[in-house]
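Structure first, then comments.
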Amino acid sequence: MFDTQLKLNTLKHKIMISKKLEAAINDQIALEEQSSRIYLAMASWCESQGLSGAARFLYQHSDEERMHQLKFVHYLNDRGGYAMLQALPQPGTQYKNMEELFDQVLKHEQHVSKKINDLVDICLEERDHTTNNFLQWFVTEQIEEESLVRSVVDKIKLLSGSTAGNFYIDNFLAGLASAEAAAEASE
Ligand code: OFO
């Protein structure tokens, strides 16, 4: 009994994040997990179509989204909140071509950027400088992700439609995946 009370008091002292931010971060955890599932589903589709470079690029991005999800989970629990998983919709299963698929990736990343900005807005309203500081890593990450995907979409628009163009794009994506893996390994 005494132990339980002590634990409750300790927990109360640990709470350093508002209920509003806790709920918003839990929604972001769901969005990062959904991002991981969307890219995993896309990677699987590409692999099934023989697009091994695109598949590798997307498998890697699926893993990155899971890492983003975990960052939020650990942060929320460390700040005395409780990271809770949510039910998620089934990701897409069919795509007309790489152009449609990467258009969807770009739209999704733009949506994620908006949600990160919304989180920053809540921090500013609440003067939660610690969470704002934590979120700045994601603000920078979203700039990089959007710009990377936009460069892929631009190349696809220029080159897709022919077998040679698709082959080139697939190789280009394989090269991006290797460069990202090398950059991560050196971190
Ligand atoms: Fe987590 O950045 Fe993409 O979605």
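Readers should treat all values here as calculations from the given coordinates under stated rules, not as data from a laboratory. From a predicted model like this one, the values you see are computed outputs, not experimental measurements. Note that each Cβ is placed from the backbone with ideal geometry, even for glycine, and that neighbours are counted across all protein chains shown.
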Formal net charge of residues neighbouring S18 (Cβ-Cβ distance under 9 Å; K, R +1; D, E -1) = -1
Hey, got the dipole for the range 33-130? About the Cα centre, +1 on K and R Cβ, -1 on D and E Cβ, debye to the nearest 20?
-> 180 debye
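GluC sites (Glu not before Pro) within the range 24-122: which are DSSP loop residues with at most 14 other Cβ atoms inside 10 Å? Before the final figure, lay out the partial values.
On the way: sites: E32, E33, E47, E64, E65, E99, E100, E109; in loops: none.
Counting only loop positions with at most 14 other Cβ atoms within 10 Å, none of the GluC sites (Glu not before Pro) in the range 24-122 qualifies.
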Once Lys and Arg get +1 and Asp and Glu get -1 on their Cβ, which of I143, P91, N166 lies farthest toward the positive end of the dipole of the range 84-167?
-> N166
Nearest-20 debye value, the chain charge dipole, Cβ charges on Lys, Arg, Asp, Glu | 440 debye
Mind checking Rg over Rh on the range 1-160, alpha carbons, Kirkwood formula for Rh?
-> 1.08
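Let me have the 222 nm mean residue ellipticity of the chain computed from DSSP H runs of 4+ only, each contributing -39500 (n - 2.57), with the sum over all residues rounded to the nearest 500. Each step should come with its number before you reach the end.
Details: 6 runs with 154 residues, N = 187.
That comes out to -29500 deg cm²/dmol.
Can you give the FRET efficiency for S178 and S147, using 1/(1 + (r/R0)^6), R0 = 25 Å, r = Cβ-Cβ distance, to the nearest 0.05?
Values: r = 19 Å, r/R0 = 0.75.
Approximately 0.85, to the nearest 0.05.
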